[in-house]
Structures are given as structure tokens and as C-alpha cells.
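For reference, the structure discussed in these notes is given below.
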Amino acid sequence: MHEITLTQILFVSTALFFIGMYGLFTRRNLITMLMSIELMLNSVNINFVAFNKYLFPEKLDGLFFTLFIITIAAAEAAVAIAIIINLYRSHNSIDVDDAAEMKY
Amino acid sequence: MSNYLYLLWIPLLPLVSFVVLGLFGRKYLSRISGIVGTASLLASTVLSFIAANQYFFIDGKVNGVYQKIIAFKYTWLEFSPNMSIDLGFLIDPISVMMLVVVSSVSLMVHVFSLGYMKGEERFATYYAFLSLFTFSMLGLVLSANIFQVYMFWELVGVSSFLLISYYFNRPSAVAAAKKAFIVTRFADLGFLIGILILGYYGGTLDIGLLIERLTTIQSTQFISITSASFLGASMLTWGLTSVFIGGAGKSAMFPLHIWLPDAMEGPTPVSALIHAATMVVAGVYLVARLFPIFSMDETALTIVTYIGAFSAVFAAIIACTQTDIKRVLAYSTMSQIGYMMFALGISKNGGENGLGYMASMFHLFTHAFFKSLLFLGAGSVIHMVHSNDMKDMGGLRKGMPITHIAFLIACLAIAGIPPFAGFFSKEEILMAAFHANKIIYGIALFTAALTAFYMFRLYFSIFWNKEASIHSNHQAHANKIEHEDHSDSEGPWTMKLPLLILAACAVGVGFVPFSNFVTSNGAPLETHTNLLFSIAPVALTIIAISIAASLYKKQNTKSDKIVTAVGGLYTAAYKKFYIDEVYLFVTKKIIFPFVGQPIAWADKHLIDGFMLLLAKITSYISASIKGLQSGKVQNYALYFFGGVLALSILFIYIWK
């Protein structure tokens, strides 16, 4: 059982980030897009924790940032879902392509 | 130094009344707007008289000389430690005198308008404009800073414009208002240039300081302004002449007089207030205000003298031929202002030689009363006859006795018959002219005779002449009006009362010992009334009056014969010496095609073209890239990440 290195963790977080990004670009359903964004946020969280643990083990800044991001993500989810509900009420769909009125 | 802070209320009360009437007058106060305006002005007038009493009789004098007092000062725009535009009130003999004149004449006009303008649809607006005018004029006379003078000067111009175009559905009134505004605005450009020149060399805009610096021969400012020269004249001459151009525009001096006769399109009380008694003397006031500086420069004073004298005689000749009574009065105003101007021009600063200055201010003072009386009297006549033309009038003396008496008094006053007001002031002017310049004296004497002639031509044509036939017509007409208005033919008491008060003034103000109060240096001036000297002008005046009487008292053809005898001269004078035509020619045939049209072309094609090109390029580019804004959220996210990627590459690999 060997030690997990920083690089390995960064691989995971980068993979997570781009999975999220891929989901954001390809999915048309707003709920899944929201989930993708959450994935991206979590990859950032992993980065923070990893850097904190491996580079500055005596400090706690990275952990605090992570906690902040989790809190904000929760709030953001609430707002986003409220928006989605409103969109559903007015357009009868939560497909982003159906809400493309704001163009040239 | 005592407290003059209450002076603030004098202009502020009309301002408040303007704001209140302007905002709420038409909707909520249409009935009482006249009362509101008049009441606020009454308070101002009372305060003005209190101020005059305090200044002239209680504490204005120090060692027998009237002091300049700064009643109030507020630093408004500070450009640098030595250069700022202050708002302040300067009290000295002429500003206090003007305060009394402006507020009391304005009050009379307010009262008169209660009757004259009754039933007008825009009654409240009319009073709002009158209040605005009174505010500006009072502010103008109190200004302690030459830039402040300029601001109020423009405000006065605007309110004059608004009041001339009061009957805005009459094309001639609109044209007259535009003409007045453009001509005076054009002259104001001169005033502004003058202010800039004097302010630049004097290093200050404060009137007191400016006068002090530019009248001390040893001061650096005086040396710099007199040594700098442009086109063969010193900058002092240029500055003062430019200021005088501004004054000439407002005071309708030749050749900037063309707006004044047309300005008579406004309601008659307005003509009495603005275009006879107060605003048009602003130019004289301005020259008097800066008189110590003017007296340092011989050339500028000579210009003032000759422009004034020429305007005086020029206007008097035209006045003899006009048939519109308001136009006759307008030209007589111009002529009298010319009198004041040349009296200033021949004067020197201080002492015995300052007689011209004192005489000019005295004439301004008396003229304000009898000229507003003449206009208000003409207003009564017009109110009754419903025409401005002398030919429609005649034999009115029985129908309107009060107006008749008041008008007669005013005519005697302006003609200079003792003991009416005009006699005293005109005598002083003639005396000053006699001592200073014999040519000017001759012109003044001739003008005085002409004045008497055309005023009595007016008087006899209105109140005598065409006794029987027309009179009955008027009576019938008057009866009809009576029937409509439920008032007697001379109008309500609000129209008679100002006539009576002003008539009393026209008799009485000549006895004011004016030379004790207003002189060029503040010290009382000893005047010598010389009975022998008065014989010539009074005799000439009486001869002129008797000529007028013989021609116009009874309906006859003598005047027509004279007209045919002098032929061309009469036509020329009747057409106002074609000055309007000259202006039209210059503007329409020279300025429009040779200056205006090329500029219009350049504006349309070069300047507008450049801007249109810019707009076209912008719209072309935006049309080509507008597809980026697809409305699809995911595309936007893609651009965003693409941008982040590009920046990352830029900063990691290229920028280093």
C-alpha cells in the first residue's frame, strides 16, 4: 500500500472537472447541467484540499475555502432550481434550447 | 457697516413667485396668480424703499461720500486662489436707485396688468414671466461681479423673449421675439468678449476690485492692459468697446436697435416695463457701473458719445413719421436712451466734470417713470380702441379723462416743460453737453425739439383731432365693450391707479435733489440751475409743440402737404431709414449664400458624413458578428471557456 501522491489526486480532480464541462456542453437538460456544474465545483474542492494537505500541511486555509464553496454551492443550487422551476412554468420545458429568446 | 442682508429677499421674492406661478399657476392658481405676483412684488418694493432710505439717509455716507458696500458675498466657482466667480450684492448709489426704479415700475405694471390682462388664458404664465423678469433685473442691478451681471443679463434677455412672444399664436410676435433674442444675443457676444478681456488683464471679475485696479495708473494691471494693443487700439479700448456693444444691444443703440420697435408685439404693460423703463436702460446702467474704467479711456467714451447722440437724433426723426403709437413710443425710448448714453460719454469721473454722469442717471430715473406712464396710457387707449394705429384714434379726451390727463403730463415731462420731471434731467444733460462738446449740444437741442414735436403729434392725434365723426364711433365701440366687460370705458381701477401714481411721479420726481445722491464719485455735486440757460431749450420745445398743435389738433391736410413737400425724406424715415432692409440684405444676400450655405454644406457632407461613416462601419461589423449572440446558454459557456483557454495559453506559453 503505497502513499497516494499529489499528482494522482490532481488527475482525479482534472478528470472530474472536464467530465463536468463535457456534461455542461452536451446536455440540454437544465438539471443535468446544474449537476455538471456541481461536479466542476467539487473538482475545485478536491484541488483545494489536496494542495492544502500536500504543500501546506500546517495551515487550514484550503479547508476553509472548501467549506465556503460547499456552502455557496448549496445556495447556488437553491437559486438555480428556483430559476428552473420558473422556466418550466413559463416554457413548459427545461430544455435550454427552448429558452433561446435572448438572441440578436 | 450695517446689515443689508435683507436685500436678498428683494430678488428672491419674485423668484419664488415665478417658481410657484410657473409650476402651479395655470392649474391651481389661475384666479389669484395676479394677486400672488403683485403681492410678492409689493413686498420687494417696500424692502427696496427701506434699503434706499437706509442707504441714502442713514448709513451709506462716510465722510460725506457714499460708499460701495458689499451686502453679501458667496464664493461660487473658484478656479484658482485669485480667480473666482463670486455671487454678491454691491450697494452703491446707482444700484440702490435702480432698485427703487425697477421694483416700483414693475409694481405699477403688475397692478396695471391685473386689469389689462384679465381674462387671458395664460394669465398665470404671464405673471410668472413678469416675476422672472423682475427677479433677473433686480439681480442684475445688485450684482457685485461682472460675470454675475452677465448671467442676469442673459436671464433678462430670456424673459424679454418669453414676454414678447406671449401671443405666440401671432406670427409677427414670434418673429419679433426671435429678432429681439438674436440681435441682443449677438450683442451679448460682444459683452462676453469684453468681460473676458477686462477679466484677463484685470485678473479679477469682481467689479469693485476691477475698477480699483484698472483706474490706478501705476498698477501692473493697468499698465498691461494699456500697453497691449490690437489693430492699433489698446486692449482697454477693445474691452470697453466690446462691453459697450453688449450694452448697446440691450439698450437698442444704433445699429443694434432694430429689435426694439418690433418688440412692441408683446402685451403693452410688458412694453412699459421691459422695453421702456427697465431692461433697455440696462446698457446705460452697465456703462455707468463700469464708468470709472470708461473714464480712463478717451476713445471708448467718444464711441459711446457719438453712438448715443446719433441714436438719439436718428430715432427721433423716425418717431415723427410712425403711426403705430407703440412704435412711436419705442423710438422715443431709443432716443431718450441715446440721451443717457451720450451724457455718460461726455462726462468725466468725479467732481464738477461728473455732471454728465449724474445727469444721465437722473434722466434714467425720471425717464423710467414718465415712459412707463406713456406706455401704460397707450395701453389704456389700445384697450379701449382695440387698435395700435393713430389713424383709428382721435377725440378720446372726453371718453377717457384720466388717461388723457396722465398722458398729457407724461408728454409734458418727456418734452421737458418745467416743472415736470423730464425738464430737470434734460436740463442737466444739456448743460453737461454745453460744457463738454458744442456739436453734441446742438444735436441734443435738435433732438429735444423733435421729441416735443412727435410726442405732441401723438398726443393730439389720440386725444384731439377728428372730433365729431370718429368720436361717436368710439363711443359706440366703447359702449359695446362696456357691455361685454361690465366696466367703464377706461378699464377697471387697477388700470387707473398706476396711471395716477405714475403721473404724480412724473410731476414730482424732478424735484428729487438727485445730485446729492447719485454722482460719479459718491460725493454730492453742486448743480447750478441757470434760468437763462433753460430759455433756449424750453423755447424750442414750445415752438415744436405749437407746430404739432397746429398740424394735428384739428383734422386738416396741412400735415399731408408737408409730407408731400419733403417727399423722399418722409418715406425714408417712415421706412425707418431702411435699416431693417439693410440687415435683411446683409443676412439673406451675403451671409446666407456666402457663409451660411458653405458651412451648411460642410456640416452636411464633411462632419455629418464622417459621423455617418463611423455609424456605417459599426453597423456593418456588428451585423457580421451578431450571430455569436445565439441565445443558447451553452454556446456562451463555450466562448467563456475558450477565452479562459486562450488567456491561459497566452500567459503560460507566449507572454512569459
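Quick notes
- Exclusive hit being under 22 Å from B:PHE369 (Cβ atoms) and at pLDDT below 90, set B:ILE94, B:ILE146: B:ILE94
- No other residue among B:THR564, B:THR541 is in contact with a helix residue (DSSP H, G or I) (Cβ under 9 Å, 6 or more places away or on another chain), exposed (fewer than 12 other Cβ atoms within 10 Å of the Cβ) and either within 30 Å of B:ARG457 (Cα to Cα) or within 14 Å of another protein chain (Cβ to nearest Cβ) (or both) apart from B:THR564.
- Residue satisfying all of: in segment B:178-221; of a type in the set (Asp, Glu) and either outside any helix (DSSP H, G or I) or within 18 Å of the chain's Cα centre (by Cα) (or both); modelled with the lowest pLDDT among these: B:ASP206
- Condition met for A:ASN86 (within 17 Å of the chain's Cα centre (by Cα), free of Cβ contacts under 8 Å to residues at least 40 places away in the same chain and assigned to a helix (DSSP H, G or I)): no
- Boolean, B:VAL512 is at pLDDT 80 or above and surrounded by fewer than 21 Cβ atoms within 10 Å (Cβ to Cβ): no
- Scan segment B:591-645 for residues that are within 14 Å of chain A (Cβ to nearest Cβ) and aliphatic (A, V, I, L, M) and the total you get is 9.
- All conditions but one from (1) among the aliphatic types (A, V, I, L, M); (2) farther than 22 Å from B:ILE197 by Cα; (3) crowded, with 24+ Cβ neighbours inside 10 Å apply to B:ILE258; the one that does not is (3).
- Residue in segment B:233-249 that is within 28 Å of B:THR323 (Cβ to Cβ) and not acidic (Asp, Glu) present: yes
- Of the residues examined, B:GLY422 is one that is crowded, with 24+ Cβ neighbours inside 10 Å, at pLDDT below 85 and either touching a helix residue (DSSP H, G or I) at 6+ places or on another chain (Cβ under 7 Å) or over 25 Å from B:THR541 (Cα atoms) (or both).
- Segment B:117-128, subset surrounded by fewer than 24 Cβ atoms within 10 Å (Cβ to Cβ) and touching a residue at least 60 places away in the same chain (Cβ under 8 Å), residue farthest from the chain's Cα centre (by Cα): B:LYS118
- Residues that are away from every other protein chain (no Cβ under 14 Å), at pLDDT 90 or above, out of contact with any Phe, Trp or Tyr (no Cβ under 9 Å at 6 or more places or on another chain) and surrounded by 14 or more Cβ atoms within 10 Å (Cβ to Cβ) occur at least once in segment A:74-81.
- From the list B:THR403, B:THR305, the one residue that fits, being hydroxyl-bearing (Ser, Thr, Tyr), farther than 25 Å from B:VAL509 by Cβ and buried (at least 21 other Cβ atoms within 10 Å of the Cβ), is B:THR305.
- Any hit, segment B:41-64, residues being within 25 Å of the chain's Cα centre (by Cα), surrounded by 14 or more Cβ atoms within 10 Å (Cβ to Cβ) and at pLDDT below 85: no
- For the criterion of being exposed (fewer than 11 other Cβ atoms within 10 Å of the Cβ) and either away from chain A (no Cβ under 14 Å) or touching a strand residue (DSSP E or B) at 6+ places or on another chain (Cβ under 9 Å) (or both), B:LYS575 fails.
Condition check ((1) modelled with pLDDT of 90 or more; (2) touching a Gly at 6+ places or on another chain (Cβ under 6 Å)) across all residues:
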| residue | (1), (2) |
| --- | --- |
| A:ILE37 | yes, no |
| A:ASN42 | yes, no |
| A:PRO57 | no, no |
| A:PHE64 | yes, no |
| A:ILE69 | yes, no |
| A:ASN86 | yes, no |
| A:ILE94 | no, no |
| A:ASP98 | no, no |
| A:LYS103 | no, yes |
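- With respect to (1) surrounded by 16 or more Cβ atoms within 10 Å (Cβ to Cβ); (2) under 28 Å from B:ASN516 (Cβ atoms); (3) among the aliphatic types (A, V, I, L, M), the lone exception for B:LEU13 is condition (2).
- Any hit, segment B:168-177, residues being within 18 Å of B:LEU140 (Cβ to Cβ), at pLDDT 85 or above and surrounded by 17 or more Cβ atoms within 10 Å (Cβ to Cβ): no
- Out of A:ALA15, A:ALA50, sole residue that is more than 22 Å from B:GLY642 (Cβ to Cβ), away from every other protein chain (no Cβ under 14 Å) and part of a helix (DSSP H, G or I): A:ALA50
- Qualifying residue in segment B:256-272 (condition: within 24 Å of B:GLN148 (Cβ to Cβ), of a type in the set (A, V, I, L, M) and out of contact with any Gly (no Cβ under 8 Å at 6 or more places or on another chain)): no
The values are calculated or read from the model by the stated rules, or taken from the named source; none is laboratory data. Predicted model, so just to flag it, every value in this text is computed and none were measured. Cβ atoms come from the backbone with ideal geometry, glycine included; neighbour counts cover every protein chain shown.
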